[in-house]
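Quick note: the coordinates plus some simple rules give every number you see, no bench work behind them. In this text, all values refer to a predicted model and were calculated from it rather than measured experimentally. Note that each Cβ is placed from the backbone with ideal geometry, even for glycine, and that neighbours are counted across all protein chains shown.
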Amino acid sequence: MTIELRMPALSPTMETGTLAKWLVKVGDTVESGTIMAEIETDKATMEFESIDDGVIGKILVADGAENIPVGTLIAVLLEEGEDLSAADAITADPIAKTPNAEAPAPTTPVAVTPVIEQKPVAKSAPAPMVSGNKTDRLFASPLAKRIAQQNGYDISQISGSGPHGRIVKSDVENYTPSAATNVAMQCISGDAPYVEIKLSNMRKTIAKRLTESKQTVPHFYLGVDIELDNLMAARKQLNSLSDDYKISVNDFVIRACALALIKVPEANVQFHGDVMRQFNRADISVAVAIEGGLITPVVRGADQKGLRAISDEVKDLAKRAHEGKLMPEDYSGGTFSISNLGMMGVKQFQAVINPPQAAILAIGAGEQRAIVKNGELTVATVMSVNLACDHRAIDGAGGANYLAAVKMFLEQPSTMLL
Amino acid sequence: MSVQKFDLVVLGSGPGGYVAAIRAAQLGFKTAVIERENLGGICLNWGCLPTKALLRSAEVFHNMKHAADYGLIAADLGFDLDKVVARSRGIAAQLSAGIAHLMKKNKITVIEGQGSLVSPSKLSVEKDGKKTMIEATDIILATGARAKQLPHLQADGNLVWTYRHALVPNMMPKKLLVIGSGAIGIEFASFYNELGADVTVIEMLDRVMPVEDEEISTLAEKSFKSQGIKIKTNASVTSLKNKKDSVICTIEAKGGKSEQMEVDRVIIAIGIDGNVENIGLEENKIKTDRGHVVTDQWGHTNIKGIHAIGDVTGPPWLAHKASHEGVILVEKIARDKGNKDIKNLHPMDKGNIPGCTYCRPQVASVGLTEKAAKEKGYKVRVGRFPFMANGKAIAMGEPEGLVKTVFDDKTGELLGAHMIGAEVTEMIQGYTIARTLETTETELMHTIFPHPTMSEMMHEAVLDAYDKALHF
């Protein structure tokens, strides 16, 4: 019997994946544990391991094939004693046909890193917007097809969450049409030459989630200045004691935010339609900029962790984030987010909430500023922070209380020992 | 004390628990099920199935009484209640033995006794004063529920019954009061009425079977009354006073008028309470809410490794809901542990759980009632088709009933379907499949229903919603 290899679900939210690259070819012998391919999910690039022993008999989707629904047949593995002809009868699932397989266009994605496909667009002939997942047969429920039609959606652009990737009603209802029309406008009116950069799955996820956040979450913003002189002194003292660690200001901020969430539980919440969730633990998502986008690994139970533990964990998470090696459990969940652009010299900014979380703290740079204290002009190290809150879950006073707690912990860092 | 170790242990062997155990065993978990009473739980032993056995006796008796309508002669009609009950008990025993066989076949260890959580990974099981310890990575609470009682409505098992006593009656009541007109109350009212009892049903709300579509409730009430069942809606029983072999019931109508009634027996069927006591929930800080274990959409509780399914997690209290939850939960647990064969796993859509009541006439439904759909803001299209206009129903001598469909005018989504009449409990699955597959009215219209069947009414009720009914 041949073994069918199907697009695996590599994260709980993964609906489709991009086959970034095959690491094996037809005829290669694999055994349990052999890395066969790299698969790009909505969040990261992951390795696809074999769980069986055998010989690759057929590869049904090419490198760079996008939007392959979870469960689609992608390759065939032959068991011992079978020859290549055993795989002949097996054909690809209709949905798995790739643009490459259908039309060997000159723009075939580069095999190694098919993320950015640069393609000059001629001014006179705007390239038609061809959907990436052209299919022979589309699996969608009748109701989903009708609602898509009524809303004027191109159903082939919607990814299905039903059995075998079937598009169901909720997929259409949760679908936000992309900005394709705007781009088309640009093609017509814009004179400036440009290149088209293919969206990575991460970029698509960022676009979808943050659009959803800005459109459906009523944001309000609270800003405060925090004096850091005590914190800088404490940090300097801690770091001078050992070379085993180097605590950053950001580590202090993570701990302060976590402790403040426990102190002001009305800020450690999520809005879930009919109910609110109030968390008893502070899991802090830390935004990390990586090539092609950003990701928010989570420091879980940061309220119960010391500065050194937080520091080590953040370093490990950031390192793995840059290497694209975060596991789904590293970046899913989180009860609160921190986005720090201080190291890039940003004085202050406002961040977009990361749903279903209800708040995010935007951290600016710590800098020496002239301030007035007791009627006198003096110099202090000051950092401006800005809290964005989901007003459905957190009210102004609650947000203010939370921000006051963060300020207290950071200005009097010894209180973090209590 | 020896400790037995398992991958997965299910507390309770009802239709939720034993199905979860089978699925777990199929997925390679070393599985055990703990049962304090009979394998199969209430459903097989004291609920769904033994009542169906009783109601079948009532149905055959009804047909015998109407033999002349079919050109048949049946003389000296009568029944032997003990034998009717014995048949029902025999069927329960047969089915429970069937579960024992299924457990054995799937290599599931059955542990008899009262189980209770000691820690999130340990259970103690007590049987005849002897305690054993069970350890498991995952524990599923499937302890079910029992008849709800109130301080002034307490069953004694002699004069005042719950469903449990009504299944093995200590006498054939001449006068019977049934408190509550949900599925359980109405089924017993139907059974005892058929055997000749003078039955009164008390319902607190303004109509019988209040979860059903209003139109169906009205038809049901009309039919029950024509069969001689007395129905008092907007009324409640404020006290029960037990005499030697009868009960004095005080019934208060909404608005304050109260009356007294003396009956032989009373059946309390005012709902059910989850079995959440003495199983170690509090000690292990497992979240409960008004007598039910709180779970997420998959069946996980707030404590890692502890899960719950079925009646103990709240309404709807239906065996098929419990079984379905059990399968989904076990597959989710397997997937979380890295089983890559688990695909297409989705949480249950509670809107697609059908409900059936086996009174005469039967009632079955799925999805939203007309009223609920309108309250949700849908502009609805309603289709109706009466049994009276269906050839097969007439040939069967069952011309009483209605099939009703509710569509969303905008999208053609089948929002709900409601049926009353003979055999509707066997037909509702058609509409349930339609809802699960998200068909619109178009596919239903294009579906060919076999002739002559009562299912043709399902087709006609769809056509009628779009003013295309052919036979009415």
Cβ-derived FRET efficiency at R0 35 Å, B:H152 paired with B:N63, nearest 0.05:
0.30
Using amide H atoms built in the peptide plane, which far-off residues or other-chain residues are under 5 Å from A:A140 H to H?
A:I167
Helix-derived [θ] at 222 nm for chain B: sum -39500 (n - 2.57) over DSSP H runs of at least 4, divide by residue count, nearest 500?
-9500 deg cm²/dmol
Euclidean distance between Cα centres, segment A:237-316 to segment A:200-220, Å:
22 Å
For chain B, give the magnitude of the charge dipole about the Cα centre (Cβ charges: +1 Lys/Arg, -1 Asp/Glu; no others), in debye to the nearest 20.
1120 debye
Rounded to the nearest Å, what's the spacing between the alpha carbon centres of segment B:343-406 and segment B:164-231? Just the number, please.
21 Å
Using the charge dipole of segment A:220-304 (Lys, Arg: +1 at Cβ; Asp, Glu: -1 at Cβ; taken about the Cα centre), state which of A:T296, A:F279, A:L228 has its Cα farthest towards the positive end.
A:F279
With a cap of 10 neighbouring Cβ atoms within 10 Å, and only residues DSSP puts in a loop, list the trypsin sites (Lys or Arg not before Pro) found in segment A:253-337.
none
Taking other Cβ within 10 Å of each residue's Cβ, how do A:F220, B:F385, B:F449 sort, fewest first?
A:F220, B:F449, B:F385
Grab the other residues whose beta carbon is less than 15 angstrom from that of B:E441, score K and R as +1, D and E as -1, and report the net.
+2
For the charge dipole of the protein assembly as shown, defined by +1 on Lys and Arg C-beta atoms and -1 on Asp and Glu C-beta atoms about the Cα centroid, which residue among A:L23, B:G421, A:A207 has the Cα displaced farthest towards the positive pole?
B:G421
Residues other than B:R36 with Cβ under 14 Å of its Cβ, Lys/Arg counted +1 and Asp/Glu -1, net out at -2
Let me know the shape class of the protein assembly as shown, please: from the alpha-carbon gyration tensor, a ≥ b ≥ c as square roots of the eigenvalues, rounded when a/c is under 1.5, otherwise prolate if a/b is greater than b/c, or oblate.
prolate
Sorted by mean Cβ packing within 10 Å, highest first, what order do the peptides B:197-209, B:221-233, A:362-374 take?
B:197-209, B:221-233, A:362-374
Defining a contact as two alpha carbons under 8 Å apart and six or more residues distant in sequence, what relative contact order in percent does chain B show?
14 percent
Cα centroids of segment A:319-343 and segment B:86-150: how far apart, whole angstrom?
44 Å
Bridge type composition, the protein assembly as shown - antiparallel percent by DSSP, nearest 5
75 percent
Can you classify segment B:160-270 as rounded, prolate or oblate using the Cα gyration tensor, where a ≥ b ≥ c are the square roots of its eigenvalues, rounded means a/c under 1.5, and otherwise it's prolate if a/b beats b/c and oblate if not?
oblate
Rounded if a/c is under 1.5, else prolate if a/b is larger than b/c, else oblate: which is segment A:218-417, with a ≥ b ≥ c the root eigenvalues of its Cα gyration tensor?
oblate
